[in-house]
Amino acid sequence: MRSVSVLGATGSVGESAFDLLMRAGGPAGYRTIALTGGANVARLAEMARALRAEIAVTAWPDKLEDLRAALAGTGIEAAAGPAAITEAAARPADWTLSAIVGAAGLPPGLAVLRRGGILALANKETLVAAGPLVMATARAHGATILPVDSEHSAIFQALQGENLDSVEYVTITASGGAFRDWPLERLAQASVAEASCHPNWAMGQRITIDSASMFNKALEVIEAHEFFGLENDRLRVLVHPQSIIHAMVSHRDGGSIAHLGAPDMRHAIGYALNWPRRAALPVAPLDLAALGSLTFAEPDEARWPALRLAREVIAAGGAAGAVLNAAKEQALDDFIAGHIRFTEMAPAVEQALERASAQPGFAQSPADLDEVLRWDGFARRAAAWQGASA
Ligand code: NAD
Ligand code: MG
């Protein structure tokens, strides 16, 4: 029986993975090693009981007693804190999904790679913040990374049996998020609640707001650069409001291979779970006749400056990815807290990139986790809202 761990099990992607594991028979289908979550320890404990996990870990140390109480009598271990999550990730498991949100996913992701495991990666921040380090760690330990971000899973699938050398460019689609059709001048007034609604995908709040600003797409372009080794001239973004085509690989001979499917993360998670085979999944079949038409548009950079920043980060290399990722997390925190406007996030990130680029060592890719975290801290300080007095 295959063993699995799910990091970030209580989130949107984590719940979809849990659904697949339960449909596969739960503990009768898979041996679950570790499940990790955040503040919702009641849900984490419920999942751990249902899958008979070995260990459940909450990110928050002050939730440990609640987690222990919720697991009383089950024999399931309980632990808490970032170090405990990384230790749980280091436990041998055949397949580990990283569905943590943010740079917090990097240390446990590296722990999976260091033990030579299969890392199904939804946590795009891992590759954005530390792509060269992550890919080198995977190579050094014979580990496998399977992309779970839907666009990257789509590219990965379209590339099966193909040669990357023959690829002219790859297109990642973007729904356009909550504000695709808003008049530009209204964006500065966009509220957190308005930014937290996605037209097609049900996702966590942070990635949903990032979809409205297209910082999510910016992260994904950088993720594709790091994972597939494609440079700016071979990476394109196309607005596609229906989210049916997730990505397309265009070859030098004029042929393009697109990946289509319902916007349901269980496809990409299930593909990675069953890889290299395919298995039946509870995803709605594609009904193109019912859809009638699929539409496309060039992304407008005045509306979505994050896309320009992504290209600049790819061109700069070095620590730029770690800086963009952390500065974006800080700006998003400040927007959610009501300190800055929706349209002030991209300038905050750009300011952090400018300040970081004047620092010694910016041109070198961070060589280890400590260096990534140093740039991460610098970027958060450089992007942070300075308070009402500033
Ligand atoms: P979410 O907010 O719904 O869930 C995040 C999970 O991480 C939760 O289990 C939460 O408890 C945990 N977590 C939060 N902060 C943590 C911390 N500091 N340390 C450890 N654990 C922490 O997020 P989501 O929408 O499921 O997204 C998860 C990841 O997958 C993100 O990187 C996101 O970009 C990516 N992703 C999500 C989707 C989607 O459909 N939701 C699609 C593609 C990629
Ligand atoms: Mg995606």
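Points to keep in mind about this one:
- Debye-formula intensities of the chain, expressed as log10 I(q)/I(0) at q = 0.11, 0.12, 0.13 Å⁻¹, are -0.78, -0.94, -1.11 (one equal scatterer per alpha-carbon, no solvent).
- When the chymotrypsin sites (Phe, Trp or Tyr not before Pro) in region 146-209 are filtered for DSSP coil states and for at most 13 other beta-carbon atoms within 10 Å of their beta-carbon, no site remains.
- The mean sequence distance of close C-alpha pairs (under 8 Å, at least 6 residues apart), as a share of the length of region 317-390, puts its relative contact order at 50 percent.
- Residues 237, 128 arranged by fewest to most Cβ contacts within 10 Å: 237, 128
- Extent along principal axes [Cα atoms of region 317-390; Å; largest to smallest]: 36, 21, 19
- Inter-centroid distance (Cα atoms) of region 356-390 relative to region 123-147, Å: 21 Å
- Across the alpha-carbon set of region 165-296, the Rg to Rh ratio works out to 0.98, Rh being the Kirkwood radius.
- Calculated FRET value between residue 363 and residue 3, using beta carbons and R₀ = 51 Å, to 0.05: 0.80
- Straight Cα distances below 15 angstrom link residue 217 to the aspartates and glutamates 125, 149, 151, 226, 298, 300, 301, 312, 329, with same-chain residues fewer than 8 positions distant left out.
- When only Cα pairs below 8 angstrom with a gap of at least 6 residues are kept, region 152-282 shows a relative contact order of 36 percent.
- A crude spin-label estimate for the pair residue 251 and residue 189, with each label 7 Å from Cα along the Cβ direction, gives 5.1 nm.
- The chain: relative contact order as a whole-number percent, Cα under 8 Å and 6+ apart: 14 percent
- Measuring r between the beta carbons of residue 231 and residue 69 and using R0 = 51 Å, the FRET efficiency lands at 0.45.
- Around the Cα centre of region 179-295, unit charges on the Cβ atoms of Lys, Arg, Asp and Glu (plus for the first two, minus for the last two) sum to a dipole of about 280 debye.
- Loop-resident sites, region 238-287, for trypsin sites (Lys or Arg not before Pro), counting at most 12 other Cβ within 10 Å (DSSP): 252, 277, 278
- The translational diffusion coefficient of region 238-390, from Stokes-Einstein at 10 °C and 1.306 mPa s with a Kirkwood hydrodynamic radius over alpha carbon pairs, comes to 85 µm²/s.
- The shape of region 219-269 comes out oblate: with a ≥ b ≥ c from the C-alpha gyration tensor, a/c is at least 1.5 while a/b does not beat b/c.
- Estimated 222 nm signal from helices in the chain, with DSSP H stretches of n ≥ 4 weighted -39500 (n - 2.57), rounded to 500: -13000 deg cm²/dmol
- DSSP-loop GluC sites (Glu not before Pro) across region 119-177, with at most 16 other Cβ within 10 angstrom: 162
- Cα gyration tensor shape of region 251-296, rounded if a/c is under 1.5, else prolate or oblate by comparing a/b with b/c: oblate
- Scaling the Cα radius of gyration of region 1-125 by the globular reference 2.2 N^0.38 Å produces a ratio of 0.92.
- Taking a straight Cα-Cα cut-off under 19 Å and skipping sequence neighbours fewer than 8 places away in the same chain, the aspartates and glutamates within cross-link reach of residue 63 are 46, 54, 77, 87.
- What you get for the chain, charging only the Cβ of Lys and Arg (+1) and of Asp and Glu (-1), is a dipole of about 840 debye around the Cα centre.
- Percent of Cα-Cα distances greater than 15 Å, calculated over region 147-197: 62 percent
Each value in this text was obtained by applying a stated rule to the coordinates, not by laboratory testing. Given the structure is predicted, the values throughout are model-derived calculations rather than measurements. In this analysis, Cβ positions are derived from the backbone assuming ideal geometry, glycine residues included, and neighbour counts consider all displayed protein chains.
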